[in-house]
Amino acid sequence: MKRFAPILIFCGMAVSLVWGDPNPVDDLYQQAQAAAKAGKWDDAIQFYERVLTEHPEDPGRWFDAQMNITQMLARKGDWDGAARAAHLCLDAAPNLPAFDGAVGLTAAILSAQDKNVDRANQFLAFEQSGPAGGKTNPMDAVGYPSLPNREAAFAAFRQQAGEDASASRLRAYTCLLTGKPHDALAQFSDAFRRNTNPYDFTNGGVELVVVGLRAARGHRVGLDQAMQFVIYGPNGPDGKPGAADDLPDPFAQEMPATPPPGQGGLAGTDPASLAALRKVHDAARLYAGDPLTPIDMRRTALGALERTNIALDNWGAPGQKEWYFRLAFGLGCPLPDEYTGGYLSGLYYAARDRDNNYGGVAATWNEVAADCAAHNIRLPQPQQNSLEGIRSQFTKNMAILAGIQFPKINFQPLKAPATF
């Protein structure tokens, strides 16, 4: 039901202003805050829990709801519950300032629970430098809360989410908020592979490192080096293996095995749907690559091919990059110049080769330039414009990733236990 403002008289006319539907998440927050103000901690917790279990359309509010749940548990003196809930806050922090806030809250809870600062400061020391020097994370022993109702709700969200990059991100946050950080990292990688928006590749790289990898590690030490790997890949800035600037894979110890291409990734797609998607994929590929097919039909088929590659988690399949390269440049299958953009975009997506970095994309652009030079190929202006436009956007995106700031880690030890 819509809410309406009173009828106003404007220039002799009656005007009714529609305020629109109420935001149910805002309503839950208001009820939670009212309960907290009255000291009804359990009621407040239930309202915040409903933000998570009833509203997959607004996962951006989930972290804040979890932080509030944690503080309510601390205020009611449930220290075991508060510590485990704080563990979820650490994992689910959507950015570095939020993570630092969760670290501060966690340390305060540990100190209040113990009535001394020893364990809290051990935790802060781990967050300051990671496992260097044999440091361990006390939160490993704390563990996570048992949340069967949340697990059931999130399982339903995952099943209904779909099979694009946004769905993978949603699944990742459901894993973070149920104590499965390594599964969440795999889901962020799944989103990274499915992303087909050349203008938004930066977000995929940021979440893979700043949220996914950080949560799996339990600290944010070395994330700047991990971002360098995402940008350049194992061969480093010069793109040549075996050079001094080669980079270690920061995901090697944390990332679960990547599903093979064409199996639907981590979307949980049922076998019958996978079989249907493969049929559509094969038909679209046939028509998109057939020079005898009318050009508008080929263009439609190319769009269907991209959609099925996303749904099947099929970018980087064997031979895929070569297929798009051949079609993009009219090798054996002439195509009017103004229609080459879709094939160039497909080449871009395939060039990631299912890796957690963009090194393969940069290498592919170099291969394109070398092949054109070797075969004395002079690209027509529309093709050249499409190619340069995609390359330029890729270069801008990598510059954005390279320019991301990682604030200095500065967690100071506590001098006295906190109070709530």
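Is it fair to say Thr308 is assigned to a helix (DSSP H, G or I), modelled with pLDDT of 95 or more and of a type outside the set (A, V, I, L, M, F, W, C)?
Taking the combined requirement at face value, the residue satisfies it.
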Fill in: Residue selected from the range 385-420 under the condition assigned to a loop (DSSP other than H, G, I, E, B) and β-branched (Val, Ile, Thr), by the criterion nearest to the chain's Cα centre (by Cα)
Ile404
Worksheet item: From the list Asp100, Asp91, which one is in a helix (DSSP H, G or I), buried (at least 18 other Cβ atoms within 10 Å of the Cβ) and in contact with a Pro (Cβ under 9 Å, 6 or more places away or on another chain)?
Response: Asp91
Worksheet item: Which of the residues spanning the range 60-87 are surrounded by fewer than 21 Cβ atoms within 10 Å (Cβ to Cβ), assigned to a helix (DSSP H, G or I), among the small types (Gly, Ala, Ser) and at pLDDT 95 or above?
Response: Gly81
Practice prompt. For Leu302, state whether it is of a type in the set (A, V, I, L, M, F, W, C), in a helix (DSSP H, G or I) and buried (at least 21 other Cβ atoms within 10 Å of the Cβ).
Written response: yes
Discussion item. Tell me yes or no: at least one residue of the range 270-289 is assigned to a loop (DSSP other than H, G, I, E, B) and in contact with a Ser or Thr (Cβ under 8 Å, 6 or more places away or on another chain).
Written reply: no
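Right, Asp118: more than 30 Å from Tyr348 (Cβ to Cβ) and in contact with a Gly (Cβ under 9 Å, 6 or more places away or on another chain) or not?
It is false that Asp118 is more than 30 Å from Tyr348 (Cβ to Cβ) and in contact with a Gly (Cβ under 9 Å, 6 or more places away or on another chain).
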Worksheet entry | Residue that is nearest to Glu54 (Cα to Cα), among those in the range 114-149 that are among the polar types (S, T, N, Q) and assigned to a loop (DSSP other than H, G, I, E, B) | Ser146
Worksheet item: Among (1) in a loop (DSSP other than H, G, I, E, B); (2) among the aromatic types (Phe, Trp, Tyr); (3) within 12 Å of the chain's Cα centre (by Cα), which single condition is Tyr199 missing?
Response: (3)
Discussion item. Given the options Ala275, Ala288, name the one that is surrounded by 15 or more Cβ atoms within 10 Å (Cβ to Cβ) and more than 20 Å from Arg193 (Cα to Cα).
Written reply: Ala288
Practice prompt. Answer with yes or no whether Arg119 is basic (Lys, Arg), within 30 Å of Ala311 (Cα to Cα) and in contact with a Leu (Cβ under 9 Å, 6 or more places away or on another chain).
Written response: no
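In the range 374-392, how many are aliphatic (A, V, I, L, M) and modelled with pLDDT under 75?
Residues flagged as aliphatic (A, V, I, L, M) and modelled with pLDDT under 75 within the range 374-392 amount to 3.
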Item to complete: Mind listing whichever residues of the range 220-234 are crowded, with 22+ Cβ neighbours inside 10 Å and part of a loop (DSSP other than H, G, I, E, B)?
Response: Arg220, Gly233
Discussion item. Exactly one of these conditions fails for Ala252: (1) touching a helix residue (DSSP H, G or I) at 6+ places or on another chain (Cβ under 9 Å); (2) closer than 30 Å to Val103 by Cα. Give me its number.
Written reply: (1)
Worksheet entry | Ala141 being over 23 Å from Val221 (Cβ atoms) and free of Cβ contacts under 8 Å to residues at least 24 places away in the same chain | no
Worksheet, complete the sentence: Those residues of the range 123-143 which are surrounded by fewer than 17 Cβ atoms within 10 Å (Cβ to Cβ) and either in contact with a Ser or Thr (Cβ under 7 Å, 6 or more places away or on another chain) or at pLDDT 95 or above (or both) amount to Ser129, Pro131, Lys135, Thr136, Asp140, Ala141, Gly143
Discussion item. Looking at Ser168, Ser111 in this structure, which one is more than 19 Å from the chain's Cα centre (by Cα), hydroxyl-bearing (Ser, Thr, Tyr) and part of a helix (DSSP H, G or I)?
Written reply: Ser111
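The values are calculated or read from the model by the stated rules, or taken from the named source; none is laboratory data. Values in this document were obtained by computation on a predicted structure and should not be read as measured data. All Cβ positions, even for glycine, are placed from backbone atoms using ideal geometry, and neighbour counts span all protein chains on display.
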